[in-house]
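Below: one structure, written as structure tokens.
What follows is calculated from the coordinates using simple rules that are stated; it is not laboratory data. Quantities reported herein were computed from a predicted structural model and do not represent experimental measurements. Quick reminder, even Gly has a Cβ in these numbers, built from the backbone with ideal geometry, and neighbours come from all protein chains shown.
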Amino acid sequence: MKSLEMPTSVVDVDWLQRNFNQPDLLVLDASWFMPGIERNGQSEWQLERIPGAVYFDFDTLICDMESDLPHMMPTADYFSKQVGLLGIANDRKIVVYDSHGLFSAPRVWWMFKAMGHKDVAVLNGGLPAWKAANAPIENSEPLPLPVCHYQAKECPEWLIDIDTLHTKTHLPEVAIIDARPAERFHGQQAEPRENVRSGHIPSSKNLPFPSLIENGHLKPVEDLKRMFAEICDDSQSLIFSCGSGVTACVLALAANHCAKDNLSVYDGSWTEWGSRHDFPIE
């Protein structure tokens, strides 16, 4: 059988249904909820999921366990070990979804991109779109996949740390784009995490992630291109930030979907920058 080819970083339900039985395809459930919301992604995955979907826990398992910041990117060695334990091999074609429609799945897409995995995409519309199409749902006890060898290869251009970002805040060739709501970006609403200042990274611009989404799907490419054109130009490198590095990945996915390739995510995001009093804010 011919090897499956991933069309773009975003696939729809029709594509997934057509290719669902391809032996090299693996579906991941990356559902995650903001602190304070009484829902648990892994518990919900156990109750219902796209058949064969594996749960990917980027919040408490596949993350930097030694960091005080939430769900930071782990080392390549740790990522490789944990991904292999999930039954994922380097040659797998991966489709990631979440139960929101489009919220946390882009985070896992970005993690795999940053670890050198070529064939990974996000299911546009996520689990709600899958169910709306009357596609099959699995609710029996999930079965683990055989352990695989996985070897991550870090692609550092996909992420940026606080010290490097600090040197780029006023460079004209760089656009720093913040995915948080406008009220938080402008410091008019307190941050949800304790001891985090209100405001934004100097010279950054605001593009709240929900503005890119309609009915749980990314808006059409032409709409996305117009939205990016209003705050940056094609010559600029794009750096995405948010509250804790999750919804910044929605912006990164949308930019990638618009064929923009010079982009990175600030993993620590405002949780880190806003809690560091040695870094300036606006």
Inverse of mean 1/r across different Cα pairs in the chain, Kirkwood, Å: 19.2 Å
GNM flexibility winner over the chain from Pro106, Pro208, Pro51 (Cα, springs under 10 Å): Pro51
All lysines inside 16 Å of Lys81 as judged from Cα atoms, apart from same-chain residues fewer than 8 positions distant: Lys153
Volume per residue of the C-alpha convex hull in the stretch 17-63, rounded to whole Å³: 91 Å³
Selection of trypsin sites (Lys or Arg not before Pro), the stretch 142-223, meeting DSSP coil and at most 11 other Cβ within 10 Å: Lys153
Under 20 Å from Lys168, Cα to Cα: lysines that are on another chain or at least 8 residues apart: Lys205, Lys260
Where GluC sites (Glu not before Pro) fall in DSSP loop in the stretch 144-193, at most 11 other Cβ within 10 Å: Glu173
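Using unit Cβ charges (K, R positive; D, E negative) and no other charged atoms, how large, in debye to the nearest 20, is the dipole of the stretch 157-273 about its Cα centre? Mind showing how you got there, number by number?
On the way: 10 positive and 17 negative charges, 52 e Å.
My answer is approximately 260 debye.
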Reachable lysines, given that their alpha-carbon falls under 25 Å from the alpha-carbon of Lys131 and they are not under 8 places away in the same chain: Lys93, Lys219
When the stretch 10-154 is reduced to its Cα atoms, the Kirkwood hydrodynamic radius in Å: 15.3 Å
Within the stretch 1-94, GluC sites (Glu not before Pro) in DSSP loop having at most 11 other beta-carbon neighbours inside 10 Å: Glu5, Glu38, Glu66
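Please compute the volume of the convex hull spanned by the alpha-carbon atoms of the stretch 157-273 and report it per residue in Å³.
Working: hull volume 11.3 nm³, N = 117.
Roughly 96 Å³ of hull volume per residue.
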